[in-house]
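First the structure, in the form of structure tokens, and then the observations on it.
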Amino acid sequence: MHATATETDFVLPSSRVAALTALVVCAAQPERRTVLSPLSGRPLAQIPQSSRADVAGAVGTARSAARQWRELSPRRRAAIVLAFHDRLLAGREEILDLIQLETGKTRADAFEEVAEVANVARYYARTASALLEPRRRRGVLPVVGHATQSRLPRGVVGVVTPWNYPFALSLGEAITALLAGNVVLLRPDPRTALCVLWGVQQLITAGLPAGVLQVVVGDGDSIGAAVVRCVDFISFTGSTRTGRAVAAVAAERMVGCSLELGGKNALYVRADAALPLAVDIARRSVFTAAGQLCTHTERLILHKDIAEEFLRLFLAAVAELRLGVALDYGYDMGSLFGPEQLERVIGHVEDARRRGARVLTGGRHRPEIGPWVYEPTVLENVSAAMDLRDAETFGPVVSVYRVADDDAAVRLINDSDYGLHATIVSGDRTAARALAPLLRTGTVSINESFAASWGAVGATMGVRGDSGTGYRHGPEGLLAYTAVQSVAEQRAGRLGVRGAEGQRRFADWFSRALVAARRGGLH
Ligand code: NAD
């Protein structure tokens, strides 16, 4: 493990900040908050804050723009998003800098955010039109009637996102909702708004009409909550605790919500796994974004027959990880997001240590690399008495467990209130595939890290248990942003008659029709 200090001065020109923050819906003389860069711990920018009145104004503006956007053909909307896709990739060096400066992650981890947004933009631009196509259904009686099932936009979609994957989550969800024909009120985390505003700027330059995508910035319990209180559908990504509060408001208002929440994900190495591959997958699964990723691995479950050898190779690989902060590729792990995140990680590791866990490697804050850098950490002898056994650490910390067989591995993977993601590494993919339906998780990756499930953008990611409700990616990811409407038309005949004799004859006739439908194999 190399500790590398950097000379780079992590700053942004104020003109660049002003051009981006001009897109925030706020008063002429707004309150401004200073955000710090996790790369240096020093001030990065002053960000204008929106008020509750600004949220109300932004919803009004979005509603005024809704009709024009809804009536644009899905193909025209897709053309704008594809133009954005190209601008994003062409401008990637600039957005990578912003993501790194705001989050403290490595450039390779920042690139995952860019790739995700490009992937989502391209996938839905190419599929939205067909997904939104009205479907003709049979009427009560064949021939004389039919129904048409349509997918209509929900209206104003509120997208509330956290700091850990600010660009990917904000732009990914906003674009999906837009391609479903909605207008969007986006509330990124106030500490990571600049990279999101860069994406919004690119969408506008690519042709997004004015008013269709509004950005408000401010604290979660005031501005985030205000968004949740006034939109027609809520897309929330964050912790389970906040997700429950958002769900309660959605229930009270009787509007739909999609909740993508926390995880305590496991990676199971079967006895037949190729260990160098398993080590590489585990390294990336645990330490990507310094573990501040909902789908990353916090529990490493090893078949007892390979546990010793796996750990020997894994600990050597962890020792090789290059920690650092720099606006360039090369480092394997960057910084935690800030002091609260560092405190949480230290709290979990120290609590475990105190209660008898063995630290196999790591377990130290490394301020000489960056103010909030923490070592990649592997723990053993973790018990239920320790906070990190079941609670999400959201840091570069993994605990190791040994099992005797697949059944024990499945029990342990499912022994969590969360149900987000699981990884299986095995030399026998058929056997690994057979385990997947036994796992109570929304996604499973086989012989790759979470990146396989995350990147398979056409496959809907589900969530189970305390990890939320709703979908990301795939057909359901877009359809969740639509309201179903069915229009049934009757061409001839009537359904029901008056008078005792007429009703009896109708019941006889309709029963014969039902029997005929059953015999004819109709559904
Ligand atoms: P958090 O719940 O504290 O905050 C998330 C966001 O919600 C923040 O921007 C916050 O300002 C805002 N917020 C707070 N109170 C609110 C309220 N009452 N109404 C509306 N918004 C409110 O979570 P966090 O610690 O910032 O983010 C990390 C969490 O997010 C982790 O649990 C992680 O697993 C989860 N996450 C999940 C996914 C996923 O796809 N499942 C992706 C990324 C992160």
| Theoretical FRET efficiency, 1/(1+(r/R0)^6), r = Cβ-Cβ of A56 and R253, R0 22 Å, to 0.05 | 0.90
| field | Backbone HN-Hα couplings from phi across segment 306-313 [Karplus 6.51/-1.76/1.60, Hz, Gly and Pro as x] | value | 10, 4, 4, 5, 4, 5, 4, 5
| request: Note the angle between two axes, namely the Cα long axis of helix 92-103 and the longest principal axis of the Cα atoms of the chain, as a number of degrees from 0 to 90, rounded to the nearest 10. | output: 70
| note | trypsin sites (Lys or Arg not before Pro) in segment 196-276 lying in a DSSP loop, each with at most 11 other Cβ atoms within 10 Å of its Cβ, come to none
| Nearest-ten-degree value, helix 52-71 long axis tilted from longest Cα axis of the chain | 50
| remark: Expressed in nanometres to one decimal, the distance between label points 7 Å along Cα→Cβ at N414 and A130 is 3.5
| Relative to the longest principal axis of the chain, what angle (0 to 90°, nearest 10) does the C-alpha long axis of helix 275-287 take? | 80
| said: Using all alpha carbons of segment 207-316, what is the percent of pairwise distances in each 10 Å bin, ordered from the shortest bin to the longest? | reply: 12, 29, 20, 18, 16, 5, 0
| query | Rounded, prolate or oblate: which fits segment 343-497 when a ≥ b ≥ c are the square roots of the eigenvalues of the alpha-carbon gyration tensor, with rounded for a/c under 1.5 and prolate only if a/b beats b/c? | reply | prolate
| In Å, what is the Rg of the alpha-carbon atoms in segment 63-164, and how long is Dmax? | 19.3, 64
| task | Consider all pairwise Cα distances in segment 414-523 and report the whole-number % of them above 20 Å. | result | 63
| field | Span per principal axis, largest first, for the Cα atoms of segment 137-197 (Å) | value | 59, 17, 13
| query | Dividing the alpha-carbon radius of gyration of segment 259-357 by 2.2 N^0.38 Å (N being the number of residues), what value is obtained? | reply | 1.18
| request: Determine, at each q value in 0.06, 0.11 (inverse angstroms), the log₁₀ of I(q)/I(0) that the Debye formula gives when each Cα of the chain is one equal point scatterer. | output: -0.33, -0.96
| query | Taking 0.36 nm per residue of separation and subtracting the Cα-Cα distance, what length does fully extending E31 through E93 add? | reply | 19.3 nm
| task | Apply the Debye scattering formula to segment 99-228, with a single equal point scatterer on each alpha-carbon and no solvent, then give log10 I(q)/I(0) at q = 0.09, 0.13, 0.14 Å⁻¹. | result | -0.33, -0.60, -0.67
| query | If Lys and Arg each add +1 and Asp and Glu each add -1, what is the summed charge of the other residues whose beta carbon sits under 11 Å from the beta carbon of V373? | reply | 0
| request: Among DSSP beta bridges lying fully in the chain, give the percent that are antiparallel, nearest 5. | output: 40
| task | Multiply the residue separation of R433 and A384 by 0.36 nm, subtract the distance between their alpha-carbon atoms, and state the gained length in nm to one decimal. | result | 14.7 nm
| query | Which shape class, rounded, prolate or oblate, goes with segment 217-264 when its Cα gyration tensor gives a ≥ b ≥ c as root eigenvalues, a/c under 1.5 marks rounded, and past that a/b bigger than b/c marks prolate? | reply | oblate
| field | Shape call, segment 319-417: gyration tensor on alpha carbons, a/c limit 1.5 | value | prolate
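Rule-based calculations on the coordinates, nothing more; no lab input. All figures in this text were calculated on a predicted structure; none of them were measured in a lab. Because the Cβ atoms are built from the backbone with ideal geometry, glycine has one as well, and the counts that use them run over all protein chains shown.
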